[in-house]
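See structure below.
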Amino acid sequence: MDICANSNGQLANRIRFTGAGPKAVEALSRGDLVPPPSIAQAIEEICEATASQNSRLWIDAEQQVFQPTIDAWTIDLMRRFNRNGRIVVYNTIQAYLKSSTENVHRHLCLAQREGWTLGIKLVRGAYIAHDIRSRIHDIKADTDNSYDYIVERLLSRESPLKTASDDASEFPDVRLFVASHNAESVRKASTLYRQRIHNGQPTIPLEIGQLQGMADEVSCELLAGNSTGQSEAPTPGVFKCLAWGTTEECLHFLLRRAIENKSAMERTRDTAVAMRREARRRVGW
């Protein structure tokens, strides 16, 4: 489990269903639409505790062999706990999959038809070495475009598969969490969100977050804007996420982060400049 917090002290937890042990892995692999009883009870207790704390729960995306069942379990949790304007459970969608826009559309249709609040945590994707390559966008630019397009459509209260016959008034209650270390995607999301509110256009609540120690300059930039009042419009909430547990318990998570940091080295110079600028701002230089 990872723990995330924003500048106001609001908490969120991220869990992976496969972390529940062999029974969960077997059920996910078989495509069981209902979790084993012991796991179902544990998940329900976690959701109830999360709701009582006025927090939220992010269900992590995993390999494609598990993901359809993860989606089914998570949608069922949203049906039960995301009611009457309360948001407890978010599902994670990986934009590097070619089916991501269709999957977002499916979630939107279910939420609208059944009357529950949809929580989407959007990531680029973390299992490219293990997933079926043909189902993943051919080049990174396609993944970037998919990610930004989904964000833009949701903030505009439109499905990414919107047709001319769709009625904007039928858009469901949605919450979006933009989980990205890509500075351009984060700035696009924040800018569009503020512009729509400033222009009196409808949008949805937006929160943004990164892992502790990665893209911290992006988080600082957003927080600086929030604290200095750069815009009269509401600003997105900003979260930082860190692994919680022993080194052994967090080992796989930490290994994936180390691999990701190889690409982060390409922007080390920009990060260093940004962090020095943030340090000077804080001491009033």
### Query
Which percent, to the nearest 5, of DSSP beta bridges fully inside region 1-103 are antiparallel?
35 percent
### Query
So what are the ³J(HN,Hα) numbers for region 57-68, from phi and the Karplus equation (6.51, -1.76, 1.60; θ = phi - 60°), rounded to whole Hz, Gly and Pro as x?
10, 9, 8, 6, 6, 9, 4, 4, 5, 9, 4, x
### Summary
For region 96-103, in residue order, the Karplus 3J(HN,Hα) values (coefficients 6.51, -1.76, 1.60; θ = phi - 60°; whole Hz; Gly and Pro = x) are 6, 7, 5, 8, 5, 5, 5, 5
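What's the extension gain from Asn199 to Gln112 if we count 0.36 nm per residue and subtract their Cα-Cα distance?
Result: 28.7 nm gained on full extension.
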### Query
Which value, in Å², gives the accessible area per residue of region 80-140 when a 1.4 Å probe is used on the protein heavy atoms?
47 Å²
### Task
Could you tell me the accessible area of Arg153 in Å² (1.4 Å probe, neighbours in place), rounded to the nearest ten?
40 Å²
### Query
Which pairs in the list Lys98/Lys240; Lys98/Lys121; Lys23/Lys98; Lys162/Lys188 are over 19 Å apart, alpha-carbon to alpha-carbon?
Lys98/Lys240; Lys23/Lys98; Lys162/Lys188
### Query
How many percent of the accessible area of region 24-119 is carbon or sulfur, using a 1.4 Å probe?
51 percent
### Per-residue ³J(HN,Hα) for region 148-161, Karplus 6.51 cos²θ - 1.76 cosθ + 1.60, θ = phi - 60°, Hz, x for Gly and Pro
5, 5, 4, 4, 4, 5, 5, 5, 8, 6, 9, 6, x, 10
### Task
State the extension gain, in nm to one decimal, for the chain segment bounded by Val34 and Leu255, taking 0.36 nm per residue of separation less the distance between their alpha-carbons.
76.5 nm
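The values are calculated or read from the model by the stated rules, or taken from the named source; none is laboratory data. Computed from a prediction, not measured in an experiment: that's the story for all the values here. Side chains included, ligands, DNA and RNA excluded: accessible areas come from the protein's heavy atoms. Shrake-Rupley method; radii C 1.70, N 1.55, O 1.52, S 1.80 Å.
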